[in-house]
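Here the structure is laid out as structure tokens; the discussion comes afterwards.
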Amino acid sequence: MPSTAIIGLQWGDEGKGKVIDCLAAEADLVVRYAGGNNAGHTVVVDGEKYVLHLIPGGILHDHALNLIGRGVVVNLEHLAQEVDGLLSRGVPVLDRLRLDSRCHLIFPFHLHLDRLAETWKGEGRIGTTGRGIGPAYADRVARTGIRLGDVLNEKHFETRLQAALAEKNAMISKVYGQEPESHDRLFEESRALARRFQPLVVDGGEWVREQYGQGKKVLFEGAQGSMLDLDAGTYPFVTSSWTGTWGIAGGTGMPPKHLDRALGVAKAYCTRVGEGPMLTELLDATGERLRKQGNEYGATTGRPRRCGWFDAVAARYAVELNGLDGLVLSNLDVLSGFEEIRVAVAYRWEDRETRSFPVEVGSDPAWEPVWKTFPGWQEDITGARSFSELPSTTQDYLRFLEAELHVPIQRVSVGPSRDQMFVGENGQQDLWA
Ligand code: IMP
């Protein structure tokens, strides 16, 4: 199996970082295809914690190359900080990283506009990460964006930046009444940063196609989650990119027929940061307990995450949309100690009941979960290293999820370390086979 994708099935923060890190141990190339530094992938290696926002998870392995694909929006200042942070910890990032010259860039005015737009929306705000993601993607679609390759061409950049700034500064000063941004400083700083990364810049699509053609193992690294997808998610409370398998071809330049396998990552319960519908959210002591036990605070913004029981309606939808071959269930250990555990198996609204994810769930809050309740388990399962070492109630929970989602659980994760993950009852030993 030369190419595999790792996709988030919920609202992001499913624990993709660790799964990517584990699969990257055998990958030749790890490719990010969407999002920007709104993501936060946490990996623990030998007790040391790394939080990657923009750089793909293969960076911690000495044999893997990593590509930031053209679908990723790149804040060069942030990239420099992330690179320097890893360099200072002895990770030879510059030998292992490549950047697609078609990546659109995030400039300070995008951050500024992201925050101003959120304030402007008031009650209707999305709860963005404030990293300029939406405005940068909006410019890409409006054909006013500036790509990494554009900055490397001095004259071209000058023209593009002047045009962009004329429009953005009019918006910042005339609509929002704020100070406009300086052209000269932005020009110089962006040029200096782009030149620093110039040796890493490639035609990413061509490179991935070549590597795949040579039989190399390519891992596509998803960011955010399927329910935050621009089109498939709970619009408008979504991010501005295609987070699922459908985003891979567009975000890398690899033809869709070369995606050989897709695995989805889901937590054993649900979390969400930012605004928008989450039907299984628990606003009571149980939700608070999940947040505490799962240490559910955002890796990027530090915001407390909204917590609730597993939503099988949303997960089934995401499994189908992505065409998944398997599931990785993370944070199972967090459910230890609960008297009972619930799963939403359908949604009900007056006399209507559905097992499909309703389009209008984003605008009509009247849907309520239909629960199935399971007995909990009291044992600490963080030391389990195989399915058979799990309590029988835990095994029943996993079997139920597998049947409900119609997909084998390939891996079960019971803690943050690399070794706290094992093959599911119906999983295959070698995920690259
Ligand atoms: P944006 O991507 O910053 O525009 O934010 C849009 C929505 O996606 C907000 O609800 C964010 O909280 C959410 N979001 C973006 N990135 C992540 C992530 O990596 N994990 C979880 N939520 C995210």
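The values are calculated or read from the model by the stated rules, or taken from the named source; none is laboratory data. As the structure is a computational prediction, the values presented were derived from the model and not from experiment. Virtual Cβ from ideal backbone geometry, glycine too; neighbours counted across all protein chains shown. Quick note on the areas: whole protein, heavy atoms, side chains included, nothing else; ligands and nucleic acids left out. Shrake-Rupley method; radii C 1.70, N 1.55, O 1.52, S 1.80 Å.
Brief remarks follow.
- The label point for Asp260 and the one for Asp380, both projected 7 Å from the Cα toward the Cβ, are 4.1 nm apart.
- Just the protein heavy atoms count here, and of the accessible area of the chain at 1.4 Å, carbon and sulfur take up 49 percent.
- Charge tally for Gly124 (other residues, Cβ to Cβ under 14 Å; Lys, Arg +1; Asp, Glu -1): -1.
- Partner lysines whose Cα lies under 17 Å from the Cα of Lys216, excluding those fewer than 8 positions away in the same chain, are identified as Lys257.
- Restricting the stretch 136-173 to trypsin sites (Lys or Arg not before Pro) that sit in a DSSP loop and have at most 13 other Cβ atoms within 10 Å of their own Cβ leaves Arg143.
- Each Lys and Arg contributes +1 and each Asp and Glu -1, all at the Cβ; summed about the Cα centre of the chain, the dipole is approximately 840 debye.
- With all protein chains kept in place, the per residue accessible area of the chain amounts to 40 square angstrom at a probe of 1.4 angstrom.
- Shown in residue order for the stretch 70-78 are the 3J(HN,Hα) couplings computed by the Karplus curve 6.51 cos²θ - 1.76 cosθ + 1.60 at θ = phi - 60°: 5, x, 8, 8, 10, 9, 5, 5, 5 Hz (x for Gly and Pro).
- Put simply, the amide H of Val45, placed in the peptide plane, has neighbours under 5 Å in Tyr50, leaving out anything fewer than 5 places away on its chain.
- Whole-Hz Karplus values for the stretch 374-389 come out as 10, x, x, 10, 9, 5, 7, 10, 5, x, 5, 10, 7, 4, 5, 7 Hz, taken residue by residue from phi with 6.51 cos²θ - 1.76 cosθ + 1.60 and θ = phi - 60°; glycine and proline positions read x.
- Cross-link reach is defined here as a Cα-Cα straight distance under 20 Å, omitting same-chain residues fewer than 8 places apart; for Lys168 the aspartates and glutamates meeting it are Glu77, Asp114, Glu118, Asp139, Asp150, Glu158, Glu179, Glu181, Asp184, Glu188, Glu189.
- The stretch 212-219 - phi-based ³J(HN,Hα) in whole Hz, Karplus 6.51/-1.76/1.60, Gly and Pro as x: 4, x, 8, x, 6, 7, 10, 10
- Listed peptides 126-137, 10-21, 180-191, 231-242 by packing density, highest first (mean Cβ within 10 Å): 10-21, 126-137, 231-242, 180-191
- R0 of 25 Å, Cβ-Cβ distance Ser417-Gln395: FRET efficiency to nearest 0.05: 0.70
- Whichever lysines have a C-alpha closer than 22 Å to that of Lys292, once near sequence neighbours (fewer than 8 apart) are set aside: Lys16, Lys18, Lys49, Lys267
- Cα long-axis angle, helix 133-142 against the chain (0 to 90 degrees, to the nearest 10): 60
- The antiparallel fraction among DSSP beta bridges confined to the stretch 266-423 stands at about 75%.
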